[in-house]
Amino acid sequence: MWSALVAMMIMAGPAPKAPADAQVVGSAPAIDKLGTLVPFFQKAGTRSVLVRPENWKTDAHALLEVDFTSVEALRAAGIDASGPLTRAQVGDATMSCVRILNVDAYRKGCDARLIRMGDVFEKVEGGVSVYGSRDPIGRVMAAYTVLGKDSCALNGHGRSVEALFPMLAKTTAKPASGAGWSMVSKAPGVLQLVLPSGTTTGVVGINAREFDLTLDARTKSAPFAQFAGAGPSPLGVFKASGMAVIRGRVSKAQLPSLVEQVVRVMPNGAGLLPAAKALAPYLTGNTALLLSHVRVSQGLRTREARFFALKGAALAEVSDPAAVQPVISAIDQGLLKFPQGALSVSLEGNMLVIANDHDVRARAVAALANSSGKQLHGVEFDVDPKAVAKGLQQVPLLEAVQSPELAGFVAASSELGPLLLASTSVSGWLDSAADSQHVAKLVWTLDEAKFQPDAGGDLDAGVK
């Protein structure tokens, strides 16, 4: 069976090579297609330094600094541009594997890098030629292999890689394997992120056009709830202005555990848990969440402050409003009131509405008048990137310095905020599939008007 699988992979093209125990592997099935990502990231890079092609396109190989979006540069380095590329982290070391077009040119470039690190040597490991260099105190800092037209390179970034020689040779000699690699055809992409093994496996395929970035994903055993999939819902086309709207059709069997997980992370969650457990049997699974905006009034240092700073409302259909109302009425109102704000729990017809802001609740309820329709996926979401950018700007800088939890939001605001402000939408969906798998899609669309020559700013800055 294994030999047949390998034969099929070879017929389809050169098989990718990657270490079996890597947590995440970046993989380009055909290197010469990576250039299709450049137009989007060039534009996005004018707003975010992090995504500029210059910051990643020469960093794919562990030893060679080659522009992997240039076919001419790859050929000059002896690399087959039509072949696959993989890059993985192995402990503190980086490993990359390619298909060789010109062995002499490829070895010349790799050896030049090894010479700068120490004395070059050659050995045979498991039938594979391994070339490395030893520094003055005998440590092997980097190495690469050659087996026919296949090569893998390893860079320890200051640490010895000699103990990894058996793994390096084994990786070069065999096609990549693992549950994640079996899904790569299910999420095709010019670039793919593969989770080859472990508790959760899967793949994310990345494609781009000039103004659109698309991510297609498939995972197995991911910590997601099971969703009911497409079908009619009183919240199927629910829409309201705000940072994000999420619509869900949750499998009814998943509701008790999901409700408990959500309530436990809420302020006074332990006190509200009995009421939540009593309500769970009446939930149909049709839900929606409106994340409206951020308003910081009393800092963000406590859980309660963070909860009430993000204004939102959750809606869930119930099967028997008459049975639900007594449960809601019995909730101790003291559990819902905090110095930072108050939580409301109420019914609107057959819809349970939970909100932490009166005005947001009113907008969510008003949107119910036109929210009924067919939902196409188990979960659907629409994000207003400009509203998210404005929300991130609300995080107090001084508090972020003292709180690692908030520091990431400040960094996101600084690095991604300008890009979010130059985007029109982020949307996508998530579905459950057979065999504990989930399928997802995300589309990020830039605002074309922000990238016209007269839109202001130097659109080519930093990308020449």
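The values are calculated or read from the model by the stated rules, or taken from the named source; none is laboratory data. Just so it is clear, the model here is predicted, and its values are computed rather than measured. No Cβ is skipped: glycine too gets one built from the backbone with ideal geometry, and neighbour counts run over all protein chains shown.
Details
- Residue selection: ALA322 satisfies the criterion of being at pLDDT 95 or above and small (Gly, Ala, Ser).
- Within the range 341-355, at least one residue is over 31 Å from the mean Cα position of the chain (by Cα), modelled with pLDDT under 95 and crowded, with 20+ Cβ neighbours inside 10 Å.
- As a summary of the residue check, GLY417 satisfies the conditions (1) in the same structural domain as THR302 (by TED's automatic domain parsing); (2) surrounded by 18 or more Cβ atoms within 10 Å (Cβ to Cβ) except for the one numbered (1).
- Test: residue in the range 152-164 that is of a type outside the set (A, V, I, L, M), outside any helix (DSSP H, G or I), out of contact with any Lys or Arg (no Cβ under 7 Å at 6 or more places or on another chain) and under 24 Å from GLY83 (Cβ atoms): yes
- Single unsatisfied condition, GLY138 versus (1) without any contact (Cβ under 8 Å) to a residue 12 or more places away in the chain; (2) under 29 Å from the mean Cα position of the chain (by Cα): (2)
- All of (1) over 22 Å from PHE227 (Cα atoms); (2) in contact with a Ser or Thr (Cβ under 9 Å, 6 or more places away or on another chain); (3) not aromatic (Phe, Trp, Tyr) hold for ALA313 with one exception: (1).
- Which listed residue, of ALA411, ALA440, ALA449, is farther than 30 Å from THR201 by Cα, among the hydrophobic types (A, V, I, L, M, F, W, C) and either in a helix (DSSP H, G or I) or under 18 Å from the mean Cα position of the chain (by Cα) (or both): ALA449
- Every pair of residues 6+ apart whose Cβ atoms lie under 6 Å, when the first sits in the range 325-338 and is aliphatic (A, V, I, L, M) while the second is in a helix (DSSP H, G or I) and surrounded by 10 or more Cβ atoms within 10 Å (Cβ to Cβ): VAL327/ALA275; VAL327/ALA278; VAL327/LEU279; ILE331/ALA275; LEU335/GLY271; LEU335/LEU272
- Residue check, GLY189 crowded, with 21+ Cβ neighbours inside 10 Å, assigned to a loop (DSSP other than H, G, I, E, B), modelled with pLDDT of 95 or more and out of contact with any His (no Cβ under 8 Å at 6 or more places or on another chain): yes
- Residue within the range 98-105 that is within 21 Å of LYS174 (Cα to Cα), modelled with pLDDT of 95 or more and part of a helix (DSSP H, G or I) present: yes
- When we screen ASP359, ASP384 for residues that are over 28 Å from the mean Cα position of the chain (by Cα), more than 26 Å from ASP320 (Cα to Cα) and of a type outside the set (A, V, I, L, M, F, W, C), the only hit is ASP359.
- Among the criteria (1) polar (S, T, N, Q); (2) outside any loop (DSSP other than H, G, I, E, B); (3) modelled with pLDDT under 95; (4) more than 28 Å from GLN340 (Cβ to Cβ), the one GLN261 does not fulfil is (4).
- Scanning the range 207-237 for residues that are within 19 Å of THR424 (Cα to Cα) and either of a type outside the set (Gly, Ala, Ser) or surrounded by fewer than 19 Cβ atoms within 10 Å (Cβ to Cβ) (or both) gives ASN207, ARG209, GLU210, PHE211, ASP212, LEU213, THR214, LEU215.
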